[in-house]
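Engineer: Following this message is one structure expressed as structure tokens.
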Amino acid sequence: MPPAPKVARPCGDLHYAGTLGVNSVTDVYYLAVRNRTSHTCTLEGRPGIVVPPGGPGPLSVSATVNDPAVPPGFPPQGARFGLRPGQTARVVLWVVRPCDHARGSEARRTLRAFLPFGDAQTTFTIATCRDVGSSMSVGVFAPPEPPARRRTWPLRATLELPGHVTAGRTFSYRVQLTNESRRPFRFPYCPTYAARLNGRDRFGALNCKPMGTLAPGEHATFEMQRFVTAKLPTRRYELLWTLMDETLKDGVAGRGNLRVEH
């Protein structure tokens with residue numbers, strides 16, 4: 001948890017940061033605080049919610065118990081923390097609205113939120129129900145999660161393809177993965193691969209458990225299969241095989257040519 005300096009001003013710049021539908025009766029709303037100053041500011045607790053009088057139906061507001069939306073390691077009941085320059089903290093508001101959709105009882109309601117310290121405030125609109133109203137559960141402000149270190153696989157892919165394949169049938173080929181690093185490598189989980197032929201991808205999960213650990217320079221060979229559509233004209237094509245790493249990019253790729261015949 002980012003430390004809160006003993007002498008620091010409370011954070012400001014409260015603003016609405018979007019909504020997300022969870023199911024037919026539940027929505028989550030996000031309020032955020034961005035530190036636009038050049039010094040660390042402090043933040044803690046929950047935002048205050050002002051419900052204007054009137055409206056399409058009643059609205060009950062309560063505190064979220066053991067907020068599940070906080071990042072790992074942060075107290076779910078909330079705590080004082082420091083927000084560094086440029087960082088954004090957010091809080092989650094859960095709204096349950098048991099509307100009678102058949103009767104068209106959906107409605108909108110504008111609310112006002114303010115920070116526990118200082119005078120920053122903002123307005124936002126929620127979906128609610130006529131007559132029966134809705135209920136809101138207010139979470140705690142939490143610091144942003146530290147950026148995860150995303151790994152790339154230190155591997156080189158080489159394809160062993162047949163000289164020709166038959167349209168309308170499945171063919172087999174091999175993918176050889178070589179550890180190009182100076183350290184032993186083992187997959188932390190079995191990643192997804194894609195095999196592209198004539199612009200069409202086929203996806204699968206690499207059966208990596210039998211591979212175990214690859215020593216530097218060592219390789220493992222995987223048996224693959226790919227179906228060729230019967231409509232593919234006779235000619236040569238490129239097969240592009242890619243392995244998704246934690247950056248969600250095609251960091252490990254192998255390619256080769258084969259001929260499709262009828």
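The values are calculated or read from the model by the stated rules, or taken from the named source; none is laboratory data. Given the structure is predicted, the values throughout are model-derived calculations rather than measurements. All Cβ positions, even for glycine, are placed from backbone atoms using ideal geometry, and neighbour counts span all protein chains on display. Each accessible area value is taken on the protein alone, full model and side chains, heavy atoms only, with ligands, DNA and RNA left out. Shrake-Rupley method; radii C 1.70, N 1.55, O 1.52, S 1.80 Å.
Engineer: Given a Förster distance of 51 angstrom, what is the FRET efficiency for GLU238 paired with ARG84, based on the Cβ-Cβ distance and rounded to 0.05?
Structural biologist: 0.60
Engineer: When you have a sec, figure out the Kirkwood radius of the chain from all distinct Cα pair distances and drop it here in Å to one decimal?
Structural biologist: With all distinct Cα pairs of the chain included, I get 23.2 Å.
Engineer: Could you tell me the calculated FRET efficiency between GLU223 and ASN23, based on Cβ-Cβ distance and R0 = 30 angstrom, to the nearest 0.05?
Structural biologist: Result of the calculation: an efficiency of 0.10.
Engineer: Whole number in Å², please: accessible area per residue of the chain, 1.4 Å probe, ligands, DNA and RNA not counted.
Structural biologist: 57
Engineer: Toward the positive end of the charge dipole of the range 107-162, about the Cα centre and with charges on Cβ (Lys, Arg +1; Asp, Glu -1), which of SER137, PHE124, PRO162 goes farthest?
Structural biologist: In the range 107-162, that residue is PRO162.
Engineer: Please give the contour-minus-distance gain from SER135 to TYR189: 0.36 nm per residue of separation, less the Cα-Cα distance, rounded to one decimal in nm.
Structural biologist: Value of the extension gain: 15.4 nm.
Engineer: When the Cα atoms of the range 80-234 are enclosed in a convex hull and the volume is divided per residue, what value in Å³ results?
Structural biologist: Residue-normalised Cα hull volume stands at 275 Å³.
Engineer: Give, as a single signed number, the net charge of other residues whose beta carbon lies under 14 Å from the beta carbon of ARG109, with Lys and Arg counted +1 and Asp and Glu -1.
Structural biologist: Once all neighbours under 14 Å are counted, the net charge is +1.
Engineer: How high is the FRET efficiency between LYS209 and ALA230 when r is their beta carbon distance and R₀ equals 30 Å, given to the nearest 0.05?
Structural biologist: Taking R0 as 30 Å, the efficiency between LYS209 and ALA230 is 0.30.
Engineer: Now, a different point. How would you rank 41-47, 226-232, 102-108, highest first, on the average number of other Cβ atoms within 10 Å across their residues?
Structural biologist: The peptides rank, most packed first, as 41-47, 226-232, 102-108.
Engineer: Follow-up. Measure off 7 Å from each Cα along the Cα-to-Cβ vector at ALA8 and VAL65, then give the distance between these two points in nanometres to one decimal.
Structural biologist: 3.1
Engineer: For ARG103 and GLN121 in one chain, what is 0.36 nm times their gap in residues minus the Cα-Cα distance, to one decimal in nm?
Structural biologist: 3.0 nm is the gain from fully extending ARG103 to GLN121.
Engineer: While we're looking at this one, here's another question. Picking from ASP119, ASP27, ASP201, which is most flexible by a Gaussian network model of the chain using Cα springs under 10 Å?
Structural biologist: ASP201
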